[in-house]
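Chemist: Sharing a structure with you now.
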Amino acid sequence: MPKVTKEDLLKKAEKPNQDAMRLHPFYKGKIEISPKCRVKDYDDFAIWYTPGVAAVCNDIHKNPETVFEHTNKSNMVAVVSDGTRVLGLGDIGPEGALPVMEGKGLLFKYLGGVDAFPICLNTKEPDEIIKTVRYLEPVFGGINLEDIEQPKCFYILDKLRETMNIPVWHDDQQGTATVCLAGLVNALKIVGKKMEDIKIVLMGAGAANLRIGMLYMAYGAKPENIIFVDSKGTLHRNREDLKNHAQKWRMCQATNGDNLVGTLEDALVGADVLSAASRPGPDTMKKEWISRMAKDSIVFVTANPIPEIWPWEAKEAGARIVATGRSDFPNQVNNSLGFPGIFRGTLDVRARTITDEMCIAAAEQLASCAEKKGLSEERILPAMTEKEVFIEEAVAVGMKAIEQKVARLEPSRDELRKNAEFLINRAIKETELKMREGVIKPG
């Protein structure tokens, strides 16, 4: 078998960009609205539209909760962005964000059976975003906030969760944190270390890493053993410049037990885990910094579209387990493994919110699904191709929502599984059928 060179790997890393530039204009987008009801003949329109629909409208008016039964609200999610923090590209505006939000909708449907619609807003004002999203509540069963810059993303999420009666989730925070936790749980099994004993360095103190750190702590990591590092150095108790950033200031006080003042390189000395959600690389992280970490170190470099360091370079520097956010390398630690199944379970019990405990339940299920098929240094998480993962994740999340009394419905575990299986299989079969029949043209 011929040896794979670094040049081969770089070509492989560039290929998705080339294919994307060819296929996006070919299909002119990735999602569309498709009927889900029967249309035997034109007489059926009297049922779906006027005059028959009037009876349904009156029923909802008299009994508002029946909107979940009569319409697609119970399976509809709004993917909302202002385009200010798109992937690793920064503020590229709502139009620039649209391909990402469409892609999100595709993953929601194919992996979770969820109908998700992109809504890119032409405003950067937090209160305008909040007001607009609240206006959308009658139509949607859930809200997925996406690619909104910090610190306003925290304010927007908190305000919407306080005021809306449907689940609001910021995938860059909660989704990324859920999958990173799942990956870390299994990586620690491989290297034989315990969550409560490890030193963790979080490179980047943006929305993703702040939530990742909080979820690590909720799962047993000791705050004093965690060090955040932003562009100005470590977060410590004397970072007066962060007093006006509530989330960062809270971490300044709660973490970094030794109050280390220094650089990322200083923080990494003896660290067991690097969890990076920072500037895209490939030279944001240096090999010599990783070489200063503890034996059997774990390195998550999740910046998109290019990780902070190429995974093979992190391995050369001494890391035992390396994960990225990309699907074309081993160990994809990406929120695409989380949000489709999490929302499937959330919608199926009509939960009013998505709690940290529901995220942890999803992370534990992800870790368990991977372990059942065998863990290795290049397999700490399941692959997106394993559709049963999203089904089991949905069941775990739904059951946890019921346990926490945030669900409107209380189906049994078997009922949750059957519904998730049906909707996910239906989405996959529909796509396969359209491709087979030429409704979706070959690219």
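Quick note: the coordinates plus some simple rules give every number you see, no bench work behind them. This is a predicted model, so every value here is computed, not measured. Neighbour counts run over all protein chains shown; Cβ positions are idealised from the backbone, glycine included.
Chemist: So which of 194/287; 194/418; 194/373 end up more than 27 Å apart by C-alpha?
Modeler: Details: 194/287 25 Å; 194/418 36 Å; 194/373 22 Å.
Long pairs (Cα-Cα over 27 Å): 194/418.
Chemist: To the nearest 20 debye, what is the magnitude of the charge dipole of the chain about its Cα centre, counting +1 on the Cβ of each Lys and Arg and -1 on the Cβ of each Asp and Glu? Each step should come with its number before you reach the end.
Modeler: Numbers: 60 positive and 63 negative charges, 85 e Å.
Dipole magnitude for the chain comes out near 400 debye.
Chemist: Here's another thing I want to ask about it. Could you give the C-alpha radius of gyration of segment 350-443 expressed as a fraction of 2.2 N^0.38 Å, taking N as the number of residues it contains?
Modeler: Its radius of gyration relative to the 2.2 N^0.38 Å reference: 1.30.
Chemist: Rank the residues 328, 158 as a footprinting-exposure proxy: fewest other Cβ atoms within 10 Å of their Cβ go first.
Modeler: Details: 328 11, 158 14.
Going from sparsest to densest Cβ surroundings: 328, 158.
Chemist: May I ask you to order 253-263, 97-107, 426-436 by the average number of other C-beta atoms within 10 Å around their residues, highest value first?
Modeler: Result, highest mean Cβ count within 10 Å first: 97-107, 253-263, 426-436.
Chemist: Let me ask you something else. Where does segment 22-171 land on Rg(C-alpha)/(2.2 N^0.38 Å)? Each step should come with its number before you reach the end.
Modeler: On the way: Rg = 17.4 Å, N = 150, 2.2 N^0.38 = 14.8 Å.
In units of the 2.2 N^0.38 Å rule of thumb, it is 1.18.
Chemist: Test of understanding: ordering 82, 91 by Cβ neighbours within 10 Å, fewest first, what list do you get? Mind showing how you got there, number by number?
Modeler: On the way: 82 28, 91 14.
Fewest-to-most Cβ neighbours within 10 Å comes out as 91, 82.
Chemist: Right, another one. Take the alpha carbon atoms of segment 106-168, find their center, do the same for segment 188-203, and report the distance between the two centers in whole angstrom.
Modeler: Computed from Cα coordinates, the inter-centre distance equals 33 Å.
Chemist: Further question on the same structure: Have a look at 424, 290, 129 and tell me which one the Gaussian network model of the chain (Cα, springs below 10 Å) gives the largest fluctuation.
Modeler: Of 424, 290, 129, the Gaussian network model singles out 129 as fluctuating most.
Chemist: So, one more: In debye, nearest 20: dipole of segment 22-171 around its Cα centre with unit charges on the Cβ of K, R (+) and D, E (-)? Display every interim value, and only then the final one.
Modeler: Values: 17 positive and 22 negative charges, 61 e Å.
Here segment 22-171 has a charge dipole of around 300 debye.
Chemist: In segment 22-171, what percentage of the DSSP-assigned beta bridges are antiparallel, given to the nearest 5?
Modeler: 5 percent
Chemist: If you don't mind, there's one more thing I want to ask. Compute the separation of the alpha-carbon centres of segment 273-312 and segment 373-443 and state it in Å as a whole number.
Modeler: 31 Å
Chemist: Using +1 at the C-beta of Lys and Arg and -1 at the C-beta of Asp and Glu, which of 185, 153, 60 has the Cα lying farthest in the positive direction of the dipole of the chain?
Modeler: 185
Chemist: Tell me, what are the semi-axes, in whole angstrom and largest first, of the equivalent ellipsoid of segment 151-227 as set by the roots of 5 times the Cα gyration tensor eigenvalues? Don't skip to the end; give the middle numbers.
Modeler: Values: eigenvalues 142, 34, 20 Å².
That gives 27, 13, 10 Å for the three semi-axes.
Chemist: Listing 228, 68 from the residue with the fewest other Cβ atoms within 10 Å to the one with the most, what is the order? Walk me through the intermediate numbers first.
Modeler: Numbers: 228 27, 68 17.
Neighbour counts put them in this order, fewest first: 68, 228.
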